[in-house]
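Q: Got a structure for you, questions after.
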């Protein structure tokens with residue numbers, strides 16, 4: 001297994017196998033009790049969620065690094081750290097009122113942050129069957145390690161199927177594979193598919209979603225033809241709208257930040273798959289005598 005975290009509190013290791021990611025934890029709680037557990041993320045949704053979390057954490061760390069770089073002596077002093085922040089064990093049973101920012105929660109671990117006197121700290125908290133809790137600081141390099149391992153596990157999948165929206169008036173499904181990104185829209189009146197298959201279009205989709213997540217300036221993008229097309233644009237309030245138009249009829253949905261993160265990752269996944277090597281022998285266009293002479297030389 002690859003070591004993801006290793007410090008005085010214990011060790012977290014990860015391994016890609018089959019169609020999932022296995023995490024093994026050996027740790028000590030603040031009371032010096034031993035925590036040992038092994039958990040597995042074996043669904044595409046979980047892997048994609050973990051990747052989106054790591055992408056959000058990377059952006060958060062970058063924001064603090066840029067803020068620190070721009071800080072001057074005239075900057076306003078930071079407010080006092082709130083001592084009422086809940087304990088790690090309470091995070092697992094929190095009803096949403098926690099003053100910690102929780103990025104994501106899985107069966108036996110969660111990823112959250114604390115900001116103490118202007119300093120950002122990102123933690124992974126784990127809980128074993130006896131409900132003993134241990135936590136680890138996540139440093140930028142460890143975030144990258146988590147991200148790389150989760151990406152490897154996701155990219156090993158042959159395809160990804162998700163539902164972006166599912167109700168009676170509109171259902172939007174998403175299929176991503178080596179053939180590209182394909183949206184499937186169902187309404188009471190019409191049904192159509194919107195495919196993005198060219199490598200340059202997939203790269204454009206990845207760039208748009210990344211810039212939108214980073215709250216950078218974007219320009220609207222459109223894929224398809226006049227009769228059947230899919231477009232993305234960012235409104236003045238920062239929300240990203242996806243529009244699906246089929247023969248004059250249009251449907252719109254607003255994409256959440258999590259959906260944008262996942263769409264960015266899936267565009268990269270499709271782009272990566274598009275450049276997978278093909279097992280076709282390369283033919284020589286040289287005459288046999290020239291090829292033999294070249295080999296001897």
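The values are calculated or read from the model by the stated rules, or taken from the named source; none is laboratory data. Model, not experiment: these values are computed from the prediction. Here the Cβ is made from the backbone with ideal geometry for all residues, glycine too, and neighbour counts use every protein chain on show.
Q: For the stretch 129-141, enumerate the residues that are buried (at least 18 other Cβ atoms within 10 Å of the Cβ) and either more than 20 Å from the chain's Cα centre (by Cα) or at pLDDT 90 or above (or both).
A: 132, 133, 134, 135, 136
Q: Could I ask something else about it? So, residue 182, is that one without any contact (Cβ under 8 Å) to a residue 40 or more places away in the chain, in the same structural domain as residue 251 (by TED's automatic domain parsing) and surrounded by 14 or more Cβ atoms within 10 Å (Cβ to Cβ) or not?
A: yes
Q: Here are some conditions: (1) over 27 Å from residue 54 (Cβ atoms); (2) buried (at least 17 other Cβ atoms within 10 Å of the Cβ). Residue 226 meets all but one. Which one does it not meet?
A: Status for residue 226: all satisfied but (2).
Q: All but one of (1) at pLDDT below 95; (2) at negative phi hold for residue 248; state the number of the condition that does not hold.
A: So the condition that residue 248 fails would be (2).
Q: What single numbered condition from (1) exposed (fewer than 15 other Cβ atoms within 10 Å of the Cβ); (2) under 19 Å from residue 170 (Cα atoms) fails to hold for residue 220?
A: So residue 220 meets the others, but not (2).
Q: Just need a number here: residues in the stretch 248-258 that are in contact with a strand residue (DSSP E or B) (Cβ under 6 Å, 6 or more places away or on another chain) and touching a residue at least 60 places away in the same chain (Cβ under 8 Å).
A: Of the residues in the stretch 248-258, 3 are in contact with a strand residue (DSSP E or B) (Cβ under 6 Å, 6 or more places away or on another chain) and touching a residue at least 60 places away in the same chain (Cβ under 8 Å).
Q: Then there's this: Being touching a residue at least 40 places away in the same chain (Cβ under 8 Å) and closer than 19 Å to residue 31 by Cβ is the filter here, so list the residues in the stretch 128-158 that pass it.
A: 128, 129, 131, 132, 133, 134, 135, 136, 137
Q: Looking at 154, 232, 174, 162, can you tell me which residue is part of a helix (DSSP H, G or I) and under 22 Å from the mean Cα position of the chain (by Cα)?
A: Result: 154 is the single residue among 154, 232, 174, 162 that is part of a helix (DSSP H, G or I) and under 22 Å from the mean Cα position of the chain (by Cα).
Q: While we're looking at this one, here's another question. Just to check your reading of the model, which residue among 11, 31, 55 is within 29 Å of residue 130 (Cα to Cα), assigned by TED's automatic domain parsing to the domain that holds residue 116 and surrounded by 14 or more Cβ atoms within 10 Å (Cβ to Cβ)?
A: One residue alone meets the criteria, 11.
Q: Could you run through the stretch 34-52 and say how many residues are assigned to a helix (DSSP H, G or I) and buried (at least 17 other Cβ atoms within 10 Å of the Cβ)?
A: 8
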